[in-house]
Amino acid sequence: MADYKNILVAVDYTEEARKVLQKAKGIAADCSARVTLLHVVETVPVVGGPESFSYVDLYVDQPDVIERALADMKALASNLGIEIHKYLVLTGVPKHEITSSAEEYGIDLIILGSHGRHGIKLILGSTAAGVLHHAKCDVLAVRV
Ligand code: AMP
């Protein structure tokens, strides 16, 4: 096993998040790595006119969504008994936020699920595929 020191685990709100984090726990223990846990509150692209293209927050009516996401991640980690170095809740497009956070925080391994909300019935979901294509570090897609 490669000697990873700084692991980023990306979790959504699917049942599979537990499986992804469980796998990360084992790898982090084997490597004595620190774990950063990330959830992205999704924005969706909208076309506002012929020249404009922007993103809107899916959860614009739920200002507490960041706090709730953080609380959910803490509960999940505590449930699985995994020590988390840093919690990140960002807004944006998951595949972009995951890859840019990995660069920003010097991550050497990204762990995510093979599919989640965007990949039901697919071998690889769109977030997983996007991260695999664009990440500059190793990526582990946990088969869920
Ligand atoms: P998908 O490709 O969107 O079906 O999801 C594949 C995996 O990407 C999921 O199992 C998660 O590990 C990760 N992921 C998807 N959406 C998010 C999100 N909003 N925040 C963090 N990780 C995500």
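The values are calculated or read from the model by the stated rules, or taken from the named source; none is laboratory data. Small disclaimer: the values here were computed from a predicted structure and weren't measured. With ideal geometry, Cβ positions are generated from the backbone for all residues, glycine too; neighbour counts draw on all protein chains shown. To get the accessible areas, we keep the full protein, side chains included, count just its heavy atoms, and leave off ligands, DNA and RNA. Shrake-Rupley method; radii C 1.70, N 1.55, O 1.52, S 1.80 Å.
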| said: Quick test for you: out of 39, 96, pick the one residue that is modelled with pLDDT of 90 or more and assigned to a helix (DSSP H, G or I). | reply: 96
| Selection count where residues are free of Cβ contacts under 8 Å to residues at least 60 places away in the same chain and near the ligand (Cβ under 10 Å from one of its atoms), scope the stretch 98-114 | 1
| message | Just the residues that are open to solvent by 60 Å² or more (accessible area, probe 1.4 Å), at pLDDT 95 or above and assigned to a loop (DSSP other than H, G, I, E, B), please, taken from the stretch 99-144. | response | 105, 136
